[in-house]
Each structure stands twice: as C-alpha cells, then as structure tokens.
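What follows draws every value from the coordinates through simple rules; no lab data is involved. Being a predicted model, the structure only gives us computed values, none of them experimental. Methodologically, a virtual Cβ is constructed for each residue, glycine included, from the backbone with ideal geometry; neighbour enumeration extends over all protein chains shown.
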Amino acid sequence: MKKALCLLLCLAMVVSMLTACGSSSGNKVGVSMPTKTLQRWNQDGSNMKEQLEKKGYEVDLQYADDDVATQVNQIENMISGGCKVLVIASIEGDSLGTVLAQAKEKGVKVIAYDRLIMNTDAVTYYATFDNFMVGVKQGQYIEDQLGLKSNAGPFNIELIAGSPDDNNAHIFFEGAMSILQQYIDNGKLVVKSGQKTFEQVATQGWKTENAQSRFEALIAANYADGTQLDAVMASNDSTALGVANALASYTGKYPILTGQDCDIANVKNMIAGKQSMSIFKDTRTLAEKTTEMVDAILKGGEPPINNTTDYDNGKFVVPSYLCDPVFADVNNYQKLLVESGYYKAEQLQ
Ligand code: BGC
C-alpha cells in the first residue's frame, strides 16, 4: 500500500515536472516593435528573436503597425499570455503608462528598447545607442565637410529632425545642434527657410512622405532661383530619403546630406552620390546587450549597464546600456556592412 502511494506520488511529481518544462510561461519574453515599414525594426525584431531563442527563451514577437492602440493591445496580450519580461520599442514614449502599470502589478519586467519609455516607473532597464553622439557625429560631418572651423562661409543649411513623440528625436537634434548652433549664431551657416527649432523641423512619425513634402515646399520657396543649398542635416535615413526625393526638383550642386541607420535604400543612395553619410547602429549588438539584460532579470546576475546619469524618463533615471554609433559613408560601407555580414553584397546592388 505504502509502495503504491509512493509510486503514485513519484508519478505525480514527474508529471508536474514535465508540464513545468513543457510550459513556457517560466521563460517567455515579449518583444514589441513599432512597425514593419522601416527596415531597421524588422532587423531588430528578428535579431532579438534569434538571440533570445538561442538562450532558450520562448519569444512572442509583435509589430504594431505604428499604431499606439495596437501596441498597447499587443502588450496586454503578452502580459496575459505569461511573458515574464517585455522588450519594447515604443511608438509613442508617453502612451504606455497604463499598460505598463498592469505589467508592474504582475511582476513583469520591462526593458525599453532603443527608445526610452517616458513617465512610468515600470521600466527596469534601457538598452540603446548613444543618441546624443549620433547627432554629434552628423553635426561634425557637416562641420568638417564645409570646413566651418576655418572657412568664413556663409553656407546655406536646412535641418530635418524626427518625430516629436520619440524621445530619441529630441536627443539626436540636440547632439547635432551642439556642433552646428554656434555657426548659425555667428552667421557661417544660414538657414534660409528660417526653420531652426525642433518643433519647426520635426517630422511626424519619421515618415519619408512628410519629410519629402516639407522639403519640396522649402526648396520651391528658397532654392528654386538657383540659390545654392550646401547641406542638409537629416536626423535619420527615412527623413533623408524624403529629402533626396525632394531634391529631384533642385538644380544646384547636390548638398551634403546626413542620415542614420544605414537602411538599404540609403546605402544605395550613398553609393549613387545622393546621400553623404549615415550612422551605422549595429542592431546585432543592441540585441545582444538586451538579451544579456533579459538573462540577468530571469536568471540573476549582472545586467550590462554603462550609463546611470543621462536617461531620466520623467520619473527616474533609468539604468541604461548605450552602444556605440559608428560613422558610415561610401568609403567604409563595404567593410562595415558587407564584410561584417550585416548585408549581402547583392542587397546593395
Ligand atoms: C531610432 C532610429 C530610427 C527612428 C525612426 C529612432 O527612435 O533610434 O534609429 O531611424 O527611430 O524609426
């Protein structure tokens, strides 16, 4: 009798152990990406999925079609579906407070991915690139190319920044202006359109078509009479693409044009001489660091953190890891993007 009871108990234990192993709720991670329309987020999503799965996690990867309500809905499903950690690249940094309060209540940890999630204490860590440095590199490139330290100028420049609801957009712009503003102030750089503040030069949703229509109007109003446009500081590749499209109606010497992300269309434009540089943010490295954070949360251990001062989300300074952004142009893209295996050579043809 005792033996039978023992056997039954053992069996019950084995069954419960088996179900525990089979059930993934212990190690499920939700990855919420903003959109599939911009190339980089597809790469971010698949890198995250691949690297988390390699470490044995089950991954629920969702793209929100740049729609805040969809993203909130997907995050709610991740929470109710048993995810223990959420990795979120937000569409609007300010719109996730309510859903993340639910996450916090259930003990679900949140990593803000690439973009800081604002005004909530439910964020655990932030993994991103050094966003200020991205802008600084763009500004320095224009400074070098126009020789602003020694040349008197004046040179004509126009500015285009990212989406006002993305915290990064403000930081990129601040970084670029930390170099360029002095030259606007001393008259070496002239912004003929008069559009100089972040609010005036922002691009809702980072959309190429919004960038293009603003620049078409701006070129028609200021540069249609043969006035030379020397440089355009564009914060990223989707806006730079809009500028390049709009420049079809401009007949002067092609301006210096900055960007960020090394999207395929923009690398092609660099090769064709229609964009001067971009910033390479290796999303494989970002995924690696974020995966280490997930691991630290779920298995214990030290998360990679290298910044505890700069990223205040309105509630607290979020412990962050900043990856290094790298300068890319037509001279180094081969080594940086092709030889490193980021792209295949034929993707850039
Ligand atoms: C990212 C950029 C990207 C932009 C538009 C920003 O938050 O940091 O890499 O170009 O969003 O998607």
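Going down the table (Lys106/Lys315; Lys55/Lys84; Lys137/Lys315; Lys207/Lys344; Lys106/Lys299), which pairs top 23 Å between alpha carbons? Please list the in-between numbers first.
Values: Lys106/Lys315 20 Å; Lys55/Lys84 15 Å; Lys137/Lys315 29 Å; Lys207/Lys344 26 Å; Lys106/Lys299 18 Å.
From the list (Lys106/Lys315; Lys55/Lys84; Lys137/Lys315; Lys207/Lys344; Lys106/Lys299), the Cα-Cα distance tops 23 Å for Lys137/Lys315; Lys207/Lys344.
Can you give the FRET efficiency to the nearest 0.05 for Lys106 and Gln228, using r as the Cβ-Cβ distance and R₀ = 41 Å? Calculated transfer efficiency: 0.10. Using a simple spin-label model with pseudo-atoms 7 Å out from Cα toward Cβ, Glu339 and Ala152 lie 4.4 nm apart. Using a simple spin-label model with pseudo-atoms 7 Å out from Cα toward Cβ, Gln145 and Asp121 lie 4.7 nm apart. The residues neighbouring Leu322, those whose beta-carbon lies less than 12 Å from its own, together hold a net charge of -2 under the Lys/Arg +1, Asp/Glu -1 convention.
Restricting attention to the range 290-345, which trypsin sites (Lys or Arg not before Pro) occupy a DSSP loop and are surrounded by at most 11 other Cβ atoms within 10 Å?
Listed in order of number, the matching sites are Lys344.
Of the residues Glu292, Glu50, Glu302, the one that moves most in a GNM of the chain with alpha-carbon contacts below 10 Å is Glu302.
I want the local charge near Tyr141. Using Cβ-Cβ distances under 14 Å, sum +1 for each Lys or Arg and -1 for each Asp or Glu among the other residues.
Working: positive: Lys137, Lys149; negative: Glu143, Asp144, Asp230, Asp329.
Once positives and negatives cancel, what remains is -2.
Amide H to amide H distances under 5 Å link Tyr321 with Tyr126, Ala127, Thr128, Asn306, where only residues 5 or more positions off or on other chains count and H is placed in the peptide plane. In the chain, a dipole from Cβ-located charges (positive for Lys and Arg, negative for Asp and Glu) runs towards its positive end, and of Thr251, Phe173, Pro319 it is Pro319 whose Cα lies farthest in that direction.
Would you please put 130-137, 146-153, 226-233 in order of how densely packed they are, using the mean number of other Cβ atoms within 10 angstrom per residue and starting with the highest?
Numbers: 130-137: 21.9, 146-153: 12.9, 226-233: 19.1.
Going by the mean number of other Cβ atoms within 10 Å, highest first, we get 130-137, 226-233, 146-153.
Extending 7 Å from Cα along the Cβ direction at Asp185 and again at Asp329 yields two label points whose distance is 2.7 nm. Mind checking which of Gln140, Gln182, Gln43 has the largest fluctuation in a GNM of the chain, springs on alpha carbons under 10 Å? Among Gln140, Gln182, Gln43, the largest GNM mean-square fluctuation belongs to Gln182.
In order along the range 115-131, the phi-based Karplus estimate (6.51 cos²θ - 1.76 cosθ + 1.60, θ = phi - 60°) of 3J(HN,Hα) comes to 10, 6, 8, 9, 6, 8, 9, 8, 8, 8, 9, 10, 10, 7, 9, 6, 5 Hz; Gly and Pro are listed as x.
Separation of the range 103-132 and the range 279-306 by C-alpha centroid, Å? If we compute the Cα centre of each part, the gap is 13 Å. Could you compute the FRET efficiency for Ser46 and Ala221, with r as their C-beta to C-beta distance and R0 at 41 Å, rounded to 0.05? For R0 = 41 Å, the calculated efficiency reads 0.45. Dipole size of the chain about its Cα centre, with +1 on Lys/Arg Cβ and -1 on Asp/Glu Cβ: approximately 920 debye, rounded to the nearest 20. Taking the DSSP beta bridges with both ends in the chain, the antiparallel portion is around 15 percent.
Amide hydrogen proximity for Val31: with H placed 1.01 Å from N in the peptide plane, the residues at 5 or more positions away or on another chain lying under 5 Å are Asp60, Leu61, Gln62, Val87. Residue by residue, the range 30-46 carries 3J(HN,Hα) couplings of x, 10, 10, 10, x, 6, 8, 6, 9, 3, 4, 5, 5, 5, 4, x, 6 Hz when phi is fed to the Karplus relation 6.51 cos²θ - 1.76 cosθ + 1.60 (θ = phi - 60°); x denotes Gly or Pro. Give me the orientation-averaged projected area of the Cα convex hull of the range 50-105, in nm², one decimal. With every direction weighted equally, the projected area is 4.0 nm².
Pro255 sits among other residues whose Cβ lies under 13 Å from its own Cβ, and their net charge, with Lys and Arg +1 and Asp and Glu -1, is +1. If you average the alpha carbon positions of the range 55-87 and of the range 194-241, how far apart do those two centres end up, in angstrom? After rounding, the separation between the Cα centres reads 35 Å.
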